[in-house]
1. Take every Cα pair under 8 Å in region 1-69 that's 6+ residues apart, average their separations, divide by the length, and report that relative contact order as a whole percent.
2. So what are the three principal axis dimensions of region 147-240 from its Cα atoms, in whole Å, longest to shortest?
3. Taking 0.36 nm per residue of separation and subtracting the Cα-Cα distance, what length does fully extending Ala162 through Thr246 add?
4. Of Lys2/Lys73; Lys180/Lys217; Lys148/Lys211, which pairs sit farther than 22 Å apart, going by alpha carbon to alpha carbon?
5. Based solely on C-alpha atoms, express the radius of gyration and the Dmax of region 1-153 in angstrom.
6. Could you tally the net charge around Ala55, taking each other residue with its Cβ under 11 Å from the Cβ of Ala55, Lys/Arg +1 and Asp/Glu -1?
7. Please compute the modelled spin-label separation between Asp132 and Thr103, points set 7 Å along Cα→Cβ, answer in nm with one decimal.
8. Can you work out the accessible area per residue across region 99-177, with the rest of the protein chains kept in place, probe 1.4 Å, in square angstrom?
Amino acid sequence: MKISSRLQQIADRLPEGCRLADIGSDHALLPVSAVRSGRVSFAVAGEVSDGPFDAARRQVAEAGEGHRISVRKGNGLEVITAGEVDTITIAGMGGALIVSILTAGEDKLVGVKRLVLQPNVAEELVRRYLLDRGWFLSEEVILEEDGKIYEILTADARPDAAQLNEELYRERTLPGGDTKLSKELLLELGPRLTSAPNDVFFRKWESELRKLDRIRKSIATSSLESSREKEEEVGRVYAQLEEVLTCLQKDKQ
């Protein structure tokens, strides 16, 4: 079965022989592919909406994998029981929604060793959740497919996560100057992505700079006093981000 590059990147991060829960599974493409490849021994495909749930059931039935993939309808982690799986994937939704799903179902995370998460937006919220809850961000991937940019965050449950996270999010000075990557910037940009930024990373953040510039110019047209403060704040964020990207570009060269 051929799946998208985004889903393949997620599949590649599943531990061999794991028991998987794919939350928001849509057509169950990821579980079917992962089970067929032998990487996953058992999977739950969870969906909250009737259409995707029915599509997932059809996909699993057509693949002849009903004995290894259980398609279940429910909200978030309601579709699994504690200890049933050791790996969870949540992909293709906003970062705030991913965090709310994990927060609401934290009792279902017992025995889960790995999370593979692909937020469409607000990646920093997911990183902050993982850090606050003691998950170690073991890998970050950024890729572009069909004109869209995706980040895939892999987190592991480890007894030494606190120590590892402290080092991962330690403030660092970029080469060639005094520009610093603070903990807040690392949460925003990605501690691993900034260590080895690729062309997709720069395209994403150059696009974000352009958005900030448009916002700043729009605010500047307002005569309200409160707009001046907002304009200055957006300007500070823009300048900080521009400085970091410039330093990262130089370092890459």
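The values are calculated or read from the model by the stated rules, or taken from the named source; none is laboratory data. Since this is a predicted model, take the numbers as computed values, not measurements. Every residue, glycine as well, gets a Cβ built from its backbone with ideal geometry; the counts of neighbours run over all protein chains shown. These accessible areas exclude ligands, DNA and RNA; they are computed on the full protein's heavy atoms, side chains included. Shrake-Rupley method; radii C 1.70, N 1.55, O 1.52, S 1.80 Å.
1. 33
2. The Cα atoms of region 147-240 stretch 54, 31, 30 Å along their principal axes.
3. 27.1 nm
4. Violating the 22 Å limit, Cα to Cα: Lys2/Lys73; Lys180/Lys217.
5. 14.2, 41
6. Combined, the nearby Lys, Arg, Asp and Glu give -3.
7. For Thr103 paired with Asp132, the spin-label model returns 0.6 nm.
8. Working: 3790 Å² over 79 residues.
Solvent-accessible surface per residue comes out at 48 Å².
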